[in-house]
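So the structure is just underneath, and the comments pick up after that.
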Amino acid sequence: MMVVRINTCEMSGRMCMKVVRRFCGTSVGRKYIMALSGAGLAIFLVVHLLGNTSIFFGAQAFNSYAEHMHGLGPLVSVAEVVLLLFFLVHISFGATLFIRNSLARSSRYEVNRSSGGRTPGSRTMFYSGLMVLVLVIFHLFTVHFANHPGPISALIRSEFASLPVSLFYIVGLAAVGLHLSHGLWSIWQSLGVNHPLYDLTLDRGALLGAVVIAGLFMVFPILGLLWDGFLR
Amino acid sequence: MMSSGTINLTLKVWRQDNSRARGALSTYTLRNISTDMSFLEMLDVLNEQLLLTGEEPVAFDHDCREGICGMCGAVVNGQPHGPERETSLCQLHMRHFKSGDTLVIEPFRARAFKVVKDLVVDRSSFDTIIQAGGYVSVNAGGAPDGNALPISQQNAEQAMDAAACIGCGACVAACPNAAAMLFVSGKVSQLALLPQGHPERKERALNMVKTMDDLGFGNCTNERECEAACPKGISIRHIARLNREFLKAAVTGE
Amino acid sequence: MILDAKIPAGNLAEKWERHCFSSKLVNPANKRKYKIIVVGSGLAGASAAATLAELGYNVHCLTIHDSPRRAHSIAAQGGINAAKNYQNDGDSVFRLFYDTIKGGDFRSREANVYRLAQLSNNIIDQCVAQGVPFAREYGGQLANRSFGGAQVSRTFYARGQTGQQLLLGAYSSLSRQVKLGKVTMMPRREMLDLVVEEGRARGIVVRNLISGEIECHGGHAVVLATGGYGNAFYLSTNAMASNVTAAFRAYKRGACFANPCYVQIHPTCIPVHGDYQSKLTLMSESLRNDGRVWVPKKTGDSRPPEQIPESERDYYLEQKYPSFGNLVPRDVASRNAKEQCDQGKGAGETGLAVYLDFTEAIKRDGEATIIRKYGNLFQMYEKITASNPMHTPMMIYPAVHYTMGGLWVDYNLMSNIPGLFVLGEANFSDHGANRLGASALMQGLADGYFVIPSTIGGYLAGCSHDDVDTGTDSFQSTRQEADGSLKKLLGLNGKRTVDDFHKELGKLLWDHCGMARHKDGLEQALARIPEIRGEFWDNAYVSGSGTEFNQTLEKAGRVADFLEFAELMVHDALQRQESCGCHLREESQTKEHEALRDDENYSYVSAWQYQGDAKPLLHKEPLSFENVELTSRSYK
Ligand SMILES: Cc1cc2nc3c(=O)[nH]c(=O)nc-3n(C[C@H](O)[C@H](O)[C@H](O)COP(=O)(O)OP(=O)(O)OC[C@H]3O[C@@H](n4cnc5c(N)ncnc54)[C@H](O)[C@@H]3O)c2cc1C
Ligand code: HEM
Ligand code: HEM
Ligand code: SF4
Ligand code: F3S
Ligand code: FES
C-alpha cells in the first residue's frame, strides 16, 4: 500500500517535472508562458484601470477605494506576490526570447522589408515592454513605495501636476498601448485560438482594447495637467 | 497578351563561395530583359552573360520552375520570393518590376540554413524535423481499404490546405525570429486533422517542436511575416493548431 | 543475347500471386546484411527505399536534390488511377488493365500491365493510411474524377497537387525509416556510373554535389529510379534536373535501353514565348472538357483573337473528329496543333500556339461555374502570361511531357544486368507506346511499394551477403573513368555555353523526332547530332572547378549524355516504321492521314545494346497478346 503510494507520488512528481520542462524548455511552451503571464498582466491592468476610474468621482471616492483595497489585508499581499511573479516571469522569458531570437539569424539581411505581416506593435514588443518596465518601476517608487503623509489622492494630484512627470506617463502609456496592440491579439494566437470566423474580430478587438486601455489611463495625467479641479 | 516590353535592371547579388567564406554583394547590370521572363529566367540570362565573360555564374537552386518543388527561393529587396503574394520566385515574372529598378538578391538567412554557395542554402534541417515525426507509422502492405475510414470533406480540405507546403523555407527567411513554426505547423496540422495521424499525435507534436528548437530555429512571437511570404498561402491558423496540439501533448503526453 | 522477360506462366489474373509465392525469400535475420542502393527518391525511389527498409534491408538512398521531397514527381497535377470501382460505374481490374494496354497502343506486356492494375487498389489504401489528403465527397468517401478520356471515374486526386501529396506520403515513410536508422539518406549526390563486377551490378560512383568529391558506394543490388529523359528536348514539362545520365551510363555498362523513341507530347501547355524560355508549364488536360480549340482560317492572321469573327475561325478538331471533337487523345490533339501551326495558322507572336476558347462554355454555364471548375488553372495561366482566359482565349501548344521508353527490365523489374533493378519512369515496362493520363504515378508507386519488395528477394537470396568491397579494381577503374570525364568537361574552354548546345539539340529532336517523324528528317537528325556533339567538345565552356558546388559542371555532364543519347532515340525512331502510340510515322498513315499501326512487323519491344562507337545493337522482345484483341483507334 505504502509502496504504491510512494511510487505514484514519485511518478506524478516526475511527470510534473516533465511538464514543467516541456513548458520552460521549448519554444511553444515558452510561448504559452508568455501569453499567460501577458494575459495576467493585461487583466491586472484592466482591473487597475477600473479601480482608477473612481478618480472621476472625486478625491473622496478615490481615497475610499484605496482604503477599501488596503483593508483587504492578506488578500492584497497574495495578489501582489502573484503580480510580481507574473512580471518576473514575463520579463525574464521575454528577455530570453529576445536573445534567442537574435541568435537564430546568424547574418543580417542587407535589405529589410516586411512581406506584410508585421505591425508597429509586433515589431517593437521588446522595446515597448522595456518602456513599460521603466514606467512601472517609476510608478511603484513614486506611488506604491512612497511615503506620503496625506491621502493618496493628494499624492496623485501632485504627481500629475508636474509637466515632466505627466509627460513621462503619457509616453509610457503610449508604449503600453503599442505593446498591447499586438499583445492582446497575440495572446489568442499563442493559446491556439484562431479561426477564420473570429480572427478579424480578435485582431481589431486587440487594437481597440489597446487604444481604450492606454487612452483611458492617459486621461489621468492629462486631466492632472490641464484641470485645476483634478482630485480636489 | 504577352506584351513583350523590356526593362533594364541593376542587380546586387549575394556572392559567397561556400559556407565558410565571407559573402558580399556584387553589382551587375542587365539590359533588355523581357517582362515576360520569370525571375529565374532573368537569372539564367545573367548567368549566360557571366559565363561568356568568363565569370562564375551565380549559383541558385531551382528545379520544377512551376512553384511546387520548393527548391527555388531568394530574398529580393528584403522579401523572400519577392514582392508578389503567394508566388514563388520561379513563378514571379519580370513584369512586376520597372526599368531602372535595383534588385538586391540575397539567400535565405537563418542559423539553421547554412549558405552552400551564393543563393543556395542548406535546408536539410527541414528533413530532420520531418524525420522527428512528420509521418504516420504504417508499413506498406497492411493498409485497410481507403474508404474504410470516412473523413469529412471539410477536414480533408483543411488538411490539404496545410499539406500544400512546399518546404521552401521562405517562412523561416521571412520570420524576424527565423522561426520554422509555419513549416512545422503545416505537417502537424495536416496529421492532426486526419484520423490516420491520431495515434501518434502527441509524440509528433512534442518531438517535432523539440527538434525544431534543437536545430537553432527561433521562437515564434506571432509576427505573421511567414504567412505573408509563404508562396502557398499557408495560414498561421495552423500555428495556432500546432500550439493546441502541443498543449494537449505537453500536459497529457507520457 | 536473349532478353527473357520472365513472365510467370498461368492465367493472367494469377500470375503475380503465383510468382510471389514461387520466388525465393531472404531469411529475415539476414536481410539487414544486404545493402541495397536506391538511386532517386521520386515516387518510385522513395517508396522503394522506404518499403525495402521496412522489410529490414540496409538501404542507402541517393538523390540529386537537397531533399527527397523535391523530386520531379512532385509536379504531377492530375491524379492517380485505381480500379476501386467506388463509383459503381463498371470499373474493374480488367478494365483498367484493358484501358492501359490499349492506351499504350498494344506495345506493352500483358502480364506487367495486369499486375499494375491489380496493385493500383493497394496503392490507394497505402496512401490513405499515410495521411495523403485525397479529395473527399461530402459523406467522407474518396472522390474520383474521370481523366484523360477514360469512360469511368477512377482517378483519385488531391486538388491539382496529386503528385506532391503522393510524393510527400512516400517521403514521410522514407523519413521514418531514416529516423529508425534503416535508410541512409544521401542528398545532393549525382550518380555518374554503375559498377559492374563479374557481370553483376555491385555499386555506383557518384559525385557529391556540395564538395565535388567522387564517392564509391557498394551494394548487393542497385535500384535505379531516376526518372525520365524528356529533357533531351531541352524544353519540356519536366523539372530542370531531370536527366538521362544514370540510365544512360548503365546502358553504356551493358543494360539494354528499350523503346527510347517513345515520348509523350502533351497538347495543353503554355506556349513558348522567347528563346530565354527554360521550361514549359503544363495546363491540365481537363481544360479541353469545356474549351474549344481553334486557329484563324487565314494564314498569318495577326489580329487579336477577340477581333476574329466566328466565321473566320477554324475549329479544326471539331471539324475533323466530329464524335470526339476537342476531346481527342493527347497525341491526336498535339499532332493537329502542330500541323495547323506548320501551315502558318498559329496564334500569337511566335505563331506557335492555338487558341483554347471558353467563351461558349461561359455563355452556356455562366462565369461562376467556369471559375469554380478552372479558377486556379486560369490564375496559374494569368500569372505566367498576364492574360485572363475568362476574357481572352487561352493559347496552348504541345510539349514533351513523359518518356515511355527506359531501361529494359523483366517482370521482376531487373535489367539484363543481374542486380540492377529499374523502377518508375526510368524503366520502359508498362506504358507501351503511350501513357494514359494518371498512370505514371500509379506505376511508380506500384513498382516501389509492391513489386520491388517482392521481387528483389528472389535475386538477393542467390547472393552472398558479404560486404561489398569498394576497393576492388572494378570500383577504382570506374571511379577513375568518371573522374576523367569530369576533368574533360572542366577542360572545356570554348565560346558557347552548355545551355546553348542543349537548346540546339532540343530543337533538332523536336523538329525531327517529335510528334510526327519521317525517314528523311530522322536521317538528317542522325547526321547532325554527332556534329553538334563534336562542336560541344570543341567549343563549349565550363566554368569553375570540380572540387566545389558547380552547377555548370552538373549541367554539362547531363547535356553531354543527352548528346549521345539523342542518337539512340533517333536510331529507334528510324527502325520503327509504323505509327503507334504517341507518334505518327509519316510513311505509315491511313488515307485520312490517321496513324497506321503495323502489328504484323512491329509488335515488339526494341531493346538496344551499347556497342561502343559502333551503331547500337537492336534486340527485339516479341509481344504476344492472349487476353486482349488488338484493335485500332478511331476518333472520327
Ligand atoms: C507536369 C507534369 C504533370 C504530370 N502529371 C501526372 C499525373 O497527373 N498523373 C500521372 O500519373 N503522372 C503524371 N506525370 C508523370 C509523373 O509525374 C512522372 O512520370 C513520375 O512522377 C516519375 O516518377 P519517378 O519516381 O520515376 O521519377 P522522378 O520523380 O523524376 O524522380 C527521379 C529521381 O531520381 C533522381 N535522379 C535522377 N538522376 C539522378 C542521378 N544521375 N543521380 C542521382 N539521382 C538522380 C532525382 O533526383 C529524383 O529524386 C506528370 C509529369 C509532369 C512533368
Ligand atoms: C503591464 C505590463 C505588460 C503587459 C500587460 C504585457 C502584455 C503582454 C502580452 C499580452 C503579450 C503577448 C503574449 C503572447 O505572445 O501571447 C506580451 C508579449 C511580450 N512582452 Fe509584455 N507585457 C507587459 C510588460 C512587459 C515588459 C515589462 C516586458 C519586458 C521587457 C515585456 C516584453 C514582452 C515581449 C518581448 C513580448 C513578446 C513575446 C511574445 O509575444 O511571445 N512585456 N506582453
Ligand atoms: C496613469 C494612471 C495610473 C494611476 C492614476 C495609477 C494609480 C495607482 C495607485 C493609486 C496605486 C496604488 C498605490 C498603493 O496604494 O500602494 C497604484 C499601484 C500600482 N500601479 Fe498604478 N496607476 C496608473 C497607471 C498604472 C500603469 C499603466 C501600470 C502598469 C503598467 C500600473 C501599475 C501599478 C502597479 C503594479 C501598482 C502596485 C499594485 C500593488 O502592488 O498593489 N499603474 N497605481
Ligand atoms: S510554410 Fe510556406 S513558406 Fe514555409 S516552407 Fe512551407 S510553403 Fe515555404
Ligand atoms: S513570422 Fe515568425 S514569429 Fe511566428 S507567426 Fe510567423 S513564425
Ligand atoms: S523551382 Fe520549384 S518551386 Fe520554384
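The values are calculated or read from the model by the stated rules, or taken from the named source; none is laboratory data. Quantities reported herein were computed from a predicted structural model and do not represent experimental measurements. Here Cβ is always computed from backbone atoms with ideal geometry, including for glycine, and neighbour counts include all displayed protein chains.
General observations
- Residue count, the range A:188-232 (criterion: free of Cβ contacts under 8 Å to residues at least 60 places away in the same chain, within 15 Å of ligand 3 (Cβ to nearest atom) and among the aliphatic types (A, V, I, L, M)): 7
- Among (1) over 19 Å from C:Gly406 (Cα atoms); (2) surrounded by 22 or more Cβ atoms within 10 Å (Cβ to Cβ); (3) touching a residue at least 24 places away in the same chain (Cβ under 8 Å) - the single one C:Val128 does not satisfy: (3)
- Subset of the range C:5-59 (residues that are within 25 Å of the chain's Cα centre (by Cα), assigned to a helix (DSSP H, G or I) and of a type in the set (S, T, N, Q)): C:Ser47, C:Thr51
- Checked against the criterion of being over 30 Å from B:Cys226 (Cα atoms) and more than 16 Å from ligand 1 (Cβ to nearest atom), the range A:125-134 contains one or more residues that satisfy it.
- Among the residues of the range C:340-358, those identified as buried (at least 17 other Cβ atoms within 10 Å of the Cβ) and part of a helix (DSSP H, G or I) are C:Gln340, C:Cys341.
- In the set B:Ala162, B:Ala178, B:Ala148, only one residue is under 29 Å from A:Gly121 (Cβ atoms) and either more than 16 Å from ligand 2 (Cβ to nearest atom) or basic (Lys, Arg) (or both); that residue is B:Ala162.
- Yes/no for A:Met34 being at pLDDT 95 or above, surrounded by 12 or more Cβ atoms within 10 Å (Cβ to Cβ) and more than 16 Å from ligand 1 (Cβ to nearest atom): yes
- Criterion violated by B:Thr29 - all others in (1) under 30 Å from C:Gln164 (Cα atoms); (2) in contact with a strand residue (DSSP E or B) (Cβ under 8 Å, 6 or more places away or on another chain); (3) at pLDDT 95 or above satisfied: (1)
- Candidates A:Leu140, A:Leu135, A:Leu130, A:Leu155, filtered to the one that is away from ligand 2 (no atom under 13 Å from the Cβ), in a helix (DSSP H, G or I), on the phi < 0 side of the Ramachandran plot and without any contact (Cβ under 8 Å) to a residue 60 or more places away in the chain: A:Leu155
- Among the residues of the range B:206-238, those identified as within 16 Å of ligand 6 (Cβ to nearest atom) and either surrounded by fewer than 24 Cβ atoms within 10 Å (Cβ to Cβ) or of a type outside the set (A, V, I, L, M) (or both) are B:Cys230, B:Pro231, B:Lys232, B:Gly233.
- Filtering the range A:161-210 to residues that are of a type in the set (A, V, I, L, M, F, W, C) and part of a loop (DSSP other than H, G, I, E, B) leaves A:Val193, A:Leu197.
- Look at the range B:151-169: where a residue is more than 20 Å from C:Ile74 (Cα to Cα) and facing chain C (nearest Cβ under 8 Å) and a partner is of a type in the set (D, E, K, R) and more than 16 Å from ligand 3 (Cβ to nearest atom), sitting 6+ places away or on another chain with Cβ atoms under 6 Å, you get B:Ile151/C:Arg136; B:Gln153/C:Arg136.
- Residue in the range C:410-429 that is of a type in the set (Val, Ile, Thr), within 14 Å of chain B (Cβ to nearest Cβ) and away from ligand 3 (no atom under 16 Å from the Cβ) present: no
- Filter result (of a type outside the set (Gly, Ala, Ser) and in a loop (DSSP other than H, G, I, E, B)) within the range B:162-180: B:Cys165, B:Ile166, B:Cys168, B:Cys175, B:Pro176, B:Asn177
- Scanning the range B:106-115 turns up no residue that is part of a loop (DSSP other than H, G, I, E, B) and without any contact (Cβ under 8 Å) to a residue 24 or more places away in the chain.
Here's the yes/no breakdown for (1) more than 16 Å from ligand 4 (Cβ to nearest atom); (2) more than 14 Å from chain B (Cβ to nearest Cβ); (3) surrounded by 14 or more Cβ atoms within 10 Å (Cβ to Cβ):
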position	(1), (2), (3)
A:Tyr127	yes, no, no
A:Met131	yes, yes, yes
A:Ile137	yes, yes, no
A:Leu140	yes, yes, no
A:Asn147	yes, yes, no
A:Ala154	yes, yes, yes
A:Ser158	yes, yes, yes
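For every residue, the table says whether it meets (1) away from ligand 4 (no atom under 14 Å from the Cβ); (2) surrounded by fewer than 24 Cβ atoms within 10 Å (Cβ to Cβ).
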{"residue": "B:Leu52", "(1), (2)": "yes, yes"}
{"residue": "B:Glu56", "(1), (2)": "yes, yes"}
{"residue": "B:Cys69", "(1), (2)": "no, no"}
{"residue": "B:Ala74", "(1), (2)": "no, no"}
{"residue": "B:His81", "(1), (2)": "no, no"}
{"residue": "B:Arg85", "(1), (2)": "no, yes"}
{"residue": "B:Leu89", "(1), (2)": "no, no"}
{"residue": "B:Arg95", "(1), (2)": "yes, yes"}
{"residue": "B:Lys98", "(1), (2)": "yes, yes"}
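- So A:Met69, is it of a type in the set (A, V, I, L, M) and in contact (Cβ under 8 Å) with a residue 24 or more places away in the chain: no
For (1) within 16 Å of the chain's Cα centre (by Cα); (2) among the aliphatic types (A, V, I, L, M); (3) away from ligand 1 (no atom under 16 Å from the Cβ), each residue gets a yes or a no:
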position	(1), (2), (3)
B:Cys64	yes, no, no
B:Asn77	no, no, yes
B:Thr87	yes, no, yes
B:Ser99	no, no, yes
